[in-house]
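Everything below concerns the one structure shown next.
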Amino acid sequence: MNTAQPETIQRLDYTVPSFLVDHIDLTFDLAPSATSVSATTRFKHNPASDSREIVLNGQDLELVKIVMNGRTLEKPDYALDHGELRIPNAPDDVTLVIDTLVRPDKNTSLMGLYISNGNFFTQCEAEGFRKITYYPDRPDVMASYTVTLFADKKKYPVLLSNGNLVDQGDLPKGRHFAKWEDPFKKPSYLFALVAGNLVCQEETFRLADGRDVLLQVWVEDGNLDKTPHAMESLKHSIAWDESRFGLELDLDRFMIVAVSDFNMGAMENKGLNIFNTRYVLANPRIATDQDYANIESVVGHEYFHNWTGDRVTCRDWFQLSLKEGLTVFRDQEFSADRTGSDSGRAVKRIEDVRTLRQVQFPEDAGPMAHPVRPDSYQEINNFYTVTIYEKGAEVVRMYQTLLGRDGFKKGMDLYFKRHDGNAVTCADFLAAMADANGRDLSQFELWYSQAGTPRVKLESDYDSLNRTLSLTLSQSCPPTPGQTEKKPFLIPIAIGLLDAHGKEIPVRVKGSDNASDTCVLELTQEKQTFTLVDVPEKPVISALRNFSAPVILEFEQTDEELLHLLANDTDSFNRWEAGQRLAMRRLLELTHAVRENRPLTLDKPFIDAFRTVLTNTSLDPALRELALTLPSETIIAEKMDEIDPRAIHTARQFMRKTLANALEKEWQKAYKNNLTDGEYRPIPQDAGKRALKNLALSYLLLCDSTDTCHMAIDQYRQANNMTDRLAALTSLVHSGCMQKLPEVKELLEHFYKEYENEPLVIDKWFSLQSTSPTTSIESIRELMEHPAFTFRNPNRARSLIFGFCHNNMAQFHAEDGSGYEFWAKYLLELDRINPQVAARLARCMDQYKRYVPSLRQPAERALKQVSKQELSRDTREIINKTLS
Ligand code: PHE
Ligand code: ZN
């Protein structure tokens with residue numbers, strides 16, 4: 001910890017490793033307060049390097065012994081400083097035996113080897129292996145691993161590592177061992193071990209080629225009733241990767257282990273994926289529809305990494321999106337395919353774009369903006385961002401949009417053919433896509449190197465005489481830190497045209513023979529005009545269909561045109577988009593009205609449009625739910641130059657309340673018509689109905705009647721699943737019912753008691769309160785004193801502190817700055833325990849420079865106060881960048 005500037009690592013400073021490793025043999029003697037690690041590593045000089053120095057990383061290690069080719073080394077045979085152990089003048093072939101001691105019981109960072117509920121786990125991505133032993137902890141050093149684990153048999157009956165179990169047995173004094181061999185070469189960040197008292201659900205599963213593999217889902221005792229969904233998800237993932245990309249599981253055994261203390265979502269360690277419990281455990285009693293969907297997608301994500309990440313990995317951490325963007329794209333496609341319907345695919349797409357806009361667009365417009373392939377970082381853990389993941393996935397999606405599904409598949413095939421077993425770069429991926437399709441994609445590279453969300457302006461001109469429509473597209477990209485000038489991107493813009501009756505007009509570009517309902521225009525210049533021919537009437541334009549590029553489209557359309565799209569567009573995404581744009585227009589105007597103390601009103605045509613959507617039973621309930629959900633406060637803020645969070649909240653609440661009252665009968669009807677009686681099934685059809693029904697409930701609770709409060713209370717009491725129960729309780733707490741009816745407080749207490757032994761549900765209990773606009777900062781402070789609250793468990797810390805600071809605009813941005821002081825205080829506390837999680841909390845203040853002056857000042861005060869303290873490198877980087 002220090003107050004100084006951390007060192008900045010530059011992408012262009014990359015040099016090849018001086019020595020490569022072909023094999024490492026690891027032995028662990030596991031004990032909480034002193035685990036001894038012995039590593040025998042075979043190094044070979046890398047002919048591509050002219051350095052003869054072996055460089056090993058190490059952090060928080062006690063070095064016991066180091067032996068090189070049979071000889072014990074003493075300083076100055078080696079040097080140890082700044083977390084590096086260096087051995088100069090090493091010969092071509094070196095075998096190093098290194099003994100170290102580590103203290104898992106003292107490890108609260110959850111990186112390296114640590115303890116959770118008495119069991120041992122590791123987390124090595126990105127740079128955690130160096131907390132286990134001295135090693136070239138960089139992804140371009142790939143080796144085969146043999147791992148032997150020794151431990152007390154009673155305390156740690158289960159001993160797992162990557163690959164195949166090759167030996168195990170009992171030892172004197174109640175001890176035992178297990179030996180694992182991973183035949184595939186891997187970088188150190190994919191190493192994992194798990195040891196403890198765990199149980200598993202297992203199954204053998206037949207692959208497409210007829211091979212049988214063993215699948216296991218490991219959990220703590222008492223959780224076996226919560227593993228079936230993860231197991232099903234794993235089997236679906238395996239089958240999907242075979243059928244969609246022809247990629248097979250390469251191991252005889254594939255394990256998933258759930259751990260309750262985990263910094264992130266899950267980790268793709270080879271053959272031994274380690275998951276945050278929240279992405280494994282599910283049954284109707286504890287998990288919501290959203291949880292079920294998340295589990296399927298994260299299980300898929302980690303499984304898909306086996307090829308895109310493990311078999312082909314990253315040369316250096318600047319290439320992180322090579323594996324993450326690609327794997328997110330793959331999990332998005334998997335989830336979309338799993339819905340089994342076009343409307344299901346659209347729902348998934350809308351949700352993904354909503355996340356992108358809600359989190360990535362602000363990131364790209366703030367102090368942490370960075371390219372999909374960053375140029376520099378101080379702490380790599382800070383770069384596991386929505387830009388790397390979600391924008392990265394959009395970049396991969398654009399290849400598919402430009403090359404077609406078959407072309408994309410060809411590119412993937414070539415990528416694996418060229419790079420299997422290697423550590424490569426984003427440029428290698430681009431080259432495979434280009435070469436497999438005989439296309440020059442050099443301009444596309446700018447999506448990797450330039451940060452910021454491009455703006456695309458569209459202007460149209462219809463010529464009735466010649467029956468042509470000219471579309472003029474121009475692009476620009478705002479400056480981002482370190483990048484003032486931007487070159488034009490290659491942007492695929494999917495366009496469709498609707499006639500006055502809402503029917504598609506085939507799109508044909510002048511000079512081309514093909515006409516199609518949706519045409520992808522390739523914008524490559526700063527400004528470009530496309531002429532569409534055979535357009536019989538002035539059409540309504542449906543632009544950027546299915547969100548064909550991660551850009552902000554600026555296209556003036558009248559309310560009438562948007563209403564026409566909302567009613568008729570065949571592209572479900574744009575149908576939703578039209579509704580959002582209609583709402584956004586009004587929300588921005590209402591926010592101004594709030595700030596200027598003008599009366600608030602909502603026009604009838606808009607209310608009627610909402611009614612039409614709500615009562616349109618031919619439209620999938622899930623799509624209706626999305627269409628009737630107003631743009632979030634964050635998304636509204638994104639559209640404003642100066643952010644007044646509470647004015648935004650007031651405006652949005654006004655709109656919701658007005659829609660609630662004006663459509664009360666229709667909401668009632670939607671509620672009744674979308675009940676899902678009978679056994680709970682987490683399938684998209686039922687989940688969609690529940691979502692619409694619960695949205696209706698949340699609107700109804702804004703009407704001024706206590707009847708609806710009772711309706712919600714009944715739903716809570718009668719629910720046979722967590723989705724309905726949580727939705728009822730959340731709406732009750734977030735609306736005014738809590739103040740009106742003492743029963744609500746009782747329900748809140750009932751919920752706690754009922755699920756006291758289900759940590760994931762207690763997280764929900766904390767979140768539903770911390771995100772409520774009715775929860776004051778005093779109540780948050782009280783909740784911090786609750787015996788179930790702890791900083792040590794990231795899920796718990798997130799549910800309360802992040803819930804409040806990130807997702808409670810109305811309360812967090814209190815005029816007196818009390819929210820910011822709260823943030824500063826607990827950020828510092830958390831930073832001493834877990835820097836990685838603290839640095840995420842630090843990002844609450846990303847947008848502070850855009851706040852209204854009355855908030856900017858207290859926010860800056862809080863930031864400066866934090867900045868004066870000793871901070872981890874993680875948090876220091878964020879605070880410095882936010883203030884700069
Ligand atoms: N690589 C993991 C994933 O996206 C994320 C992760 C990063 C987990 C760092 C832990 C630590 O699947
Ligand atoms: Zn990933």
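Throughout, read-outs are computed from the coordinates displayed, never taken from laboratory work. In this text, all values refer to a predicted model and were calculated from it rather than measured experimentally. We place every Cβ from the backbone using ideal geometry, glycine too, and count neighbours over all the protein chains shown.
So here's what we get for this one:
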item	result
In the range 751-827, trypsin sites (Lys or Arg not before Pro) in a DSSP loop with at most 15 other beta-carbon atoms within 10 Å	Arg792
Least to most buried among Asp60, Asp686 (fewest other Cβ within 10 Å first)	Asp60, Asp686
Helix-derived mean residue ellipticity, 222 nm - over the chain, DSSP H n ≥ 4, -39500 (n - 2.57), to 500	-12000 deg cm²/dmol
Residues Lys226, Lys657, sorted so that the one with the fewest Cβ neighbours within 10 Å comes first	Lys657, Lys226
Nearby lysines by direct alpha-carbon distance to Lys106 (threshold 20 angstrom, same-chain neighbours under 8 apart not counted)	Lys131, Lys155
Assigned charges on the beta-carbon of Lys, Arg, Asp, Glu; the range 286-381 dipole about Cα centre (debye)	260 debye
Degrees between helix 426-437 axis and first principal axis of the chain (Cα, 0 to 90, nearest 10)	70 degrees
Residue (of Ser335, Val456, Leu441) at the positive-pole extreme of the range 303-460, dipole from beta-carbon charges	Ser335
Whole-number D in µm² s⁻¹ for the chain, Kirkwood Cα-pair radius fed into Stokes-Einstein, 4 °C, 1.567 mPa s	45 µm²/s
Prolate/oblate/rounded label for the range 185-338 (Cα gyration tensor, a/c 1.5)	rounded
For the chain, Cys with no neighbouring Cys Cβ under 4.7 Å	Cys124, Cys200, Cys314, Cys426, Cys477, Cys519, Cys703
Relative packing of peptides 486-496, 203-213 - highest average C-beta neighbours within 10 Å first	486-496, 203-213
Relative contact order for the chain, counting Cα pairs under 8 Å that sit 6 or more residues apart, in percent	9 percent
Set of the range 795-833 residues, backbone N closer than 13 Å to the point 7 Å along the Cα-Cβ line of Arg656	808-811
Proximal lysine pairs, the range 473-630, alpha carbons under 22 Å, eight or more residues apart or interchain	5
Charge-dipole axis of the range 93-162 as Lys and Arg at +1 and Asp and Glu at -1 on Cβ define it, positive-most pick from Thr95, Ile132, Ser116	Ser116
Extension gain, Gln168 back to Lys672 (0.36 nm per residue minus Cα-Cα distance, nm)	175.6 nm
Pairs of alpha carbons in the range 220-287 whose separation is greater than 21 Å (percent)	29 percent
Scattering curve values for the range 590-744, log₁₀ I(q)/I(0), Debye with Cα scatterers, q = 0.15, 0.20 Å⁻¹	-0.84, -1.32
Stokes-Einstein D (µm²/s) once Rh is taken as the Kirkwood radius of the range 383-542 over alpha-carbon pairs, at 37 °C in 0.692 mPa s	186 µm²/s
FRET efficiency, Thr529 to Ala500 (Cβ-Cβ, R0 22 Å, nearest 0.05)	0.35
The range 286-298 - phi-based ³J(HN,Hα) in whole Hz, Karplus 6.51/-1.76/1.60, Gly and Pro as x	10, 10, 8, 3, 4, 4, 4, 5, 4, 4, 4, 6, 6
Percentage relative contact order, the range 646-726, counting C-alpha pairs under 8 Å, at least six apart	31 percent
Residues Asp252 and Ala515, FRET efficiency given R0 of 56 Å [Cβ-Cβ distance, rounded to 0.05]	0.60
10 Å binning of all Cα-Cα separations within the range 651-739, expressed as whole percents from 0 upward	18, 53, 26, 4
Counting all C-alpha pairs of the range 537-655, share separated by more than 19 Å (%)	50 percent
Only Lys, Arg (+1) and Asp, Glu (-1) charged, at Cβ; the range 618-769 dipole about Cα centre in debye	360 debye
Gyration tensor (alpha-carbon) shape descriptor, the range 710-786, a/c threshold 1.5	oblate
Dipole magnitude of the chain, debye to nearest 20 (Cβ charges: Lys/Arg +1, Asp/Glu -1, about Cα centre)	820 debye
Mean shadow area of the range 149-250 over all directions, Cα convex hull, nm²	7.8 nm²
Extreme residue, positive dipole direction of the range 35-166, given options Val166, Val55, Ala39 (C-beta unit charges)	Val166
Degrees separating the helix 759-770 axis from the principal Cα axis of the chain, which is the longest one	40 degrees
C-alpha long axis of helix 853-867 to longest principal axis of the chain, angle in °	0 degrees
Gyration tensor over alpha-carbon atoms, the range 351-391, equivalent ellipsoid semi-axes in Å	19, 10, 8
Eligible lysines near Lys348 by straight Cα distance, threshold 18 Å, same-chain separation 8 or greater	Lys391, Lys689
Length gained when the stretch Lys740-Arg595 is fully extended (0.36 nm per residue, less Cα-Cα span)	49.3 nm
Environment charge of Glu62, counting only residues whose C-beta is closer than 11 Å and scoring Lys/Arg +1, Asp/Glu -1	0
Square roots of five times the Cα gyration tensor eigenvalues for the range 527-591, Å	22, 15, 13
q = 0.19, 0.23 Å⁻¹: log10 I(q)/I(0) that the Debye formula gives for the range 824-876, counting C-alpha atoms only	-0.60, -0.82
Overall form of the range 1-138 per C-alpha gyration tensor (a/c, 1.5; a/b vs b/c)	oblate
